[in-house]
Amino acid sequence: MDQLIIQGGATISGEINISGSKNSGLPIIAATLLASTPMYLSNLPQLKDITTMLSLLRCMGVDIVVDEKMRVEVNSSTINEFEAPYDLVKTMRASILVLGPMLARYGKADVSFPGGCAIGSRPVDIHLRGLEAMGAEIHVDGGYIRATAPEGGLRGAHFFMDTVTVGGTENLLMAAVLAKGTSTLENAAREPEIVDLANCLVAMGAKIEGIGTDHLVIEGVERLEGCEYSIMPDRIEAGTYLTAAAASRGSIKLKNAHADTLEAVLLKLEEVGADIEIGEDWISLDMHGRRPKAVNIRTAPYPAFPTDMQSQFTALNSVSEGTGTVSETIFENRHLQVHELNRMGANITLEGNTAIVRGVERLNAAPVMASDLRASASLVIAAIVAEGETVVDRIYHVDRGYECIEEKLQQLGVNIRRASSKKT
Ligand code: UD1
């Protein structure tokens with residue numbers, strides 16, 4: 001198992017490129033199942049979750065060619081299996097995103113039921129109820145969701161989502177684009193990754209109105225064609241590096257970053273004391289050596305503050321002046337990093353879903369363990385600003401979401417290396 005070994009105390013300074021978005025790459029790869037002709041995707045990040053999604057399509061018989069620049073050609077017409085097996089789904093919950101496209105295009109799909117995960121129970125009931133509203137018959141058998149479309153295919157439907165769900169909106173959108181008639185999705189999630197997926201579907205020939213709003217109107221079409229599509233930059237990766245720079249009192253310039261997808265985060269970073277400048281495809285942040293000020297955060301669906309950025313802000317608050325609270329409203333168990341941060345000398349107490357973070361002058365290095373993707377990013381930030389050498393274990397979590405993390409941090413002046421830990 002790999003570890004990251006980080007010598008703390010660096011002030012981040014420099015420029016890096018932001019990779020393509022994992023969370024928009026995953027549904028867009030699933031959307032290739034809808035195309036009657038080959039799709040060409042570019043700007044996909046080289047990450048474990050992306051290769052898992054490609055493996056999932058491959059094991060169903062889909063023909064995929066990946067070149068050295070991660071430009072991916074997908075020809076889904078060779079599909080001959082309609083099952084997403086447990087072995088792959090258990091490693092990545094986003095595998096559920098093949099359900100909608102497979103049902104819409106082929107009228108059947110068996111997808112292993114995704115279990116809970118470290119940050120919460122994460123049900124998929126809304127995905128299933130939405131597909132049932134479009135006429136699908138669904139039953140759960142042997143740990144699998146077994147779904148079939150009615151004679152003649154899925155039918156357009158009006159569906160209200162009682163919880164704002166990113167994956168649910170994506171699955172139902174992908175199902176609706178090939179359904180017969182009109183679908184309306186109410187209280188839809190409007191994360192930028194959904195906009196990216198919708199733009200890709202439109203480029204394939206889909207008819208979607210209300211893109212970027214919580215009211216999507218989809219007019220089903222007969223068929224969709226393959227197209228060339230470049231995945232949007234990863235806003236959470238961008239936010240993570242900005243937060244790391246702020247915590248280290250440093251400065252950073254991100255290239256291939258879209259400020260308009262990060263407004264809530266940039267606003268908070270300004271409150272922290274950062275000077276921020278933005279351009280069409282870049283963001284820069286400068287703390288001018290100042291200590292950050294603690295801020296209060298409350299997560300909520302887009303455009304509010306993203307849950308995927310809260311643990312990084314917990315790390316930032318840990319070394320800030322004053323006290324800040326971080327309240328999580330999306331997932332029930334997303335303060336996994338708190339105990340590890342406290343082992344590094346942070347002063348954080350938990351009250352329900354709120355972390356109360358009293359800033360300390362400095363953190364101290366300690367061996368720590370990553371427990372989920374974003375929690376591990378917060379440990380990396382803490383390690384960068386701590387005194388001494390921190391070993392972050394179980395970094396396969398980090399590798400799920402951060403392409404070339406050590407190369408990028410080295411470019412920013414951080415002393416970081418990867419090593420293999422002895423098996424216990
Ligand atoms: C996606 C992101 C994840 C992010 C999350 C919230 C991907 C691959 N992952 O996850 O990084 O943290 O959005 O922004 O894009 N829920 C239900 N029933 C359902 C579906 C969801 O109750 O059928 C609940 C979940 O338990 C959770 C909330 O809705 O409490 C939001 O989850 P959702 O938006 O669906 O998250 P994901 O799509 O899994």
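The values are calculated or read from the model by the stated rules, or taken from the named source; none is laboratory data. No experiment lies behind these values; they were computed from the predicted model shown. Here the Cβ positions follow ideal geometry from the backbone for every residue, glycine too, while neighbour counts run over all protein chains shown.
Which is out of contact with any Phe, Trp or Tyr (no Cβ under 9 Å at 6 or more places or on another chain), assigned to a loop (DSSP other than H, G, I, E, B) and away from the ligand (no atom under 16 Å from the Cβ), of Val391, Val360? Don't jump to the end; show me each part of the working.
Numbers: Val391 fails: assigned to a loop (DSSP other than H, G, I, E, B).
Exactly one residue qualifies, and that residue is Val360.
Go through the residues of segment 148-159 one by one and say whether even a single one is within 16 Å of the ligand (Cβ to nearest atom), modelled with pLDDT of 95 or more and either under 18 Å from the mean Cα position of the chain (by Cα) or not small (Gly, Ala, Ser) (or both).
Checked against the condition, which is being within 16 Å of the ligand (Cβ to nearest atom), modelled with pLDDT of 95 or more and either under 18 Å from the mean Cα position of the chain (by Cα) or not small (Gly, Ala, Ser) (or both), segment 148-159 yields at least one hit.
Taking the options Gly61, Gly14, Gly8, name whichever one is at pLDDT 95 or above and surrounded by fewer than 16 Cβ atoms within 10 Å (Cβ to Cβ).
Only one candidate qualifies: Gly61.
Take Ala365 and decide whether it is crowded, with 17+ Cβ neighbours inside 10 Å, more than 16 Å from the ligand (Cβ to nearest atom), in contact (Cβ under 8 Å) with a residue 60 or more places away in the chain and over 25 Å from the mean Cα position of the chain (by Cα).
Answer is yes for this residue.
Filter segment 319-337 for residues that are under 17 Å from Ile381 (Cβ atoms) and at pLDDT below 95; which is nearest to the ligand (Cβ to nearest atom)?
Arg334
Does any residue in segment 102-129 that is modelled with pLDDT of 95 or more come within less than 8 Å, Cβ to Cβ, of a residue that is more than 15 Å from the ligand (Cβ to nearest atom) and of a type in the set (Asp, Glu) six or more places away or on a different chain, and which pairs are these?
Ala109/Glu83; Asp110/Glu83; Val111/Glu83
Take the residues in segment 324-335 that are of a type outside the set (Asp, Glu) and surrounded by 21 or more Cβ atoms within 10 Å (Cβ to Cβ), then tell me which one is farthest from the chain's Cα centre (by Cα).
Restricting attention to segment 324-335, the residues satisfying the condition of being of a type outside the set (Asp, Glu) are 324-327, 329-331, 333-335.
Cutting the leftovers down to surrounded by 21 or more Cβ atoms within 10 Å (Cβ to Cβ) gives us 324, 326, 334-335.
Numbers: Gly324: 25, Val326: 19, Arg334: 14, His335: 17 Å.
Filtering first and then ranking leaves Gly324.
Could you tell me whether any residue of segment 198-212 is in contact with a Gly (Cβ under 8 Å, 6 or more places away or on another chain), among the small types (Gly, Ala, Ser) and away from the ligand (no atom under 16 Å from the Cβ)?
No.
Leu178 passes all but one of (1) over 28 Å from Pro38 (Cβ atoms); (2) assigned to a loop (DSSP other than H, G, I, E, B); (3) touching a Lys or Arg at 6+ places or on another chain (Cβ under 8 Å); which number fails?
(1)
Please name all residue pairs, on different chains or six or more residues apart, with Cβ atoms under 9 Å, provided the first residue is in segment 138-151 and is touching a residue at least 60 places away in the same chain (Cβ under 8 Å) and the second residue is surrounded by 11 or more Cβ atoms within 10 Å (Cβ to Cβ) and of a type in the set (Gly, Ala, Ser).
Hits for this filter: Tyr144/Ala84; Tyr144/Ser112.
For segment 287-305, indicate whether the set of residues that are among the basic types (Lys, Arg), over 17 Å from the mean Cα position of the chain (by Cα) and part of a strand (DSSP E or B) is non-empty.
Yes, segment 287-305 contains a residue that is among the basic types (Lys, Arg), over 17 Å from the mean Cα position of the chain (by Cα) and part of a strand (DSSP E or B).
Name the residue that is surrounded by the fewest Cβ atoms within 10 Å (Cβ to Cβ), counting only residues in segment 64-112 that are among the basic types (Lys, Arg) and assigned to a loop (DSSP other than H, G, I, E, B).
Filtering segment 64-112 for residues that are among the basic types (Lys, Arg) and assigned to a loop (DSSP other than H, G, I, E, B), the one surrounded by the fewest Cβ atoms within 10 Å (Cβ to Cβ) comes out as Lys69.
Restrict the check to segment 29-52 and report whether at least one residue is assigned to a helix (DSSP H, G or I), modelled with pLDDT under 95 and either at positive phi or touching an Asp or Glu at 6+ places or on another chain (Cβ under 6 Å) (or both).
Within segment 29-52, one or more residues are assigned to a helix (DSSP H, G or I), modelled with pLDDT under 95 and either at positive phi or touching an Asp or Glu at 6+ places or on another chain (Cβ under 6 Å) (or both).
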